[in-house]
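Working notes, beginning with the structure itself.
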Amino acid sequence: MKKHNYNFWLAITYEVAYDFAQHFKVLRKNKIIRLILNYCKEDWILWRIETALDSVDKQIEKIKKQWETQQKPKHTYIEHEPDGSNAQLLLGGTMEIKSNFLRE
């Protein structure tokens, strides 16, 4: 489990206060609600970032599992002989990769 560098309860407090302020427009100008939102906002941002990154990690793992089950396309690697130019004598000939992948 990851160590949090935010207060979870302040993040939840921000979420609840923000939802109430969105639902009850009178609360948007309430001094206490504004103080709560200002005080808890940093913790809420860090919490939202962490939850978003966790979601991305789960999606990555799901995609990796899908890739493992798919048939890998075959490819051919071709390295051509240098054509005699100075650059190709130093670096080698041109390289080419051809895929035998067919679209369904």
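Relative to the dominant Cα principal axis of the chain, helix 31-69 is inclined by about 30°. Between the Cα long axis of helix 8-23 and the first principal axis of the chain there is an angle of about 70°, rounded to the nearest 10.
Take the Cβ atoms of residue 22 and residue 72, set R0 to 35 Å, and the FRET efficiency comes out at 0.10.
Can you compute the helix-only [θ] at 222 nm over the chain? Use -39500 (n - 2.57) per DSSP H run of at least 4 residues, normalise by all residues, nearest 500 deg cm²/dmol.
Result for the chain, helices only: -20000 deg cm²/dmol.
Taking Cα centre as origin and charging only the Cβ of basic (Lys, Arg, +1) and acidic (Asp, Glu, -1) residues, the dipole magnitude of the chain rounds to 900 debye. Under 10 Å, Cα contacts only: if you run a Gaussian network model on the chain, which one of 32, 12, 78 comes out with the highest mean-square fluctuation? Of 32, 12, 78, the Gaussian network model singles out 78 as fluctuating most. When the alpha-carbon atoms of the chain are used, the pair Rg, Dmax equals 27.8, 80 angstrom.
Estimated from the Cβ-Cβ distance and a Förster radius of 22 angstrom, the FRET efficiency linking residue 98 and residue 65 is about 0.20. Using C-alpha pairs under 8 Å with a sequence gap of at least 6, the mean separation divided by the residue count of the chain gives a relative contact order of 21 percent. Each of 21, 53, 10 was placed along the dipole of segment 8-69 (beta-carbon charges, centred on the mean Cα), and the one lying farthest toward the positive end is 21.
Over all projection directions, the Cα-based convex hull of segment 8-69 averages an area of 5.0 nm².
Here, each number is a calculation from the coordinates, and none is a lab measurement. As the structure is a computational prediction, the values presented were derived from the model and not from experiment. With ideal geometry, Cβ positions are generated from the backbone for all residues, glycine too; neighbour counts draw on all protein chains shown.
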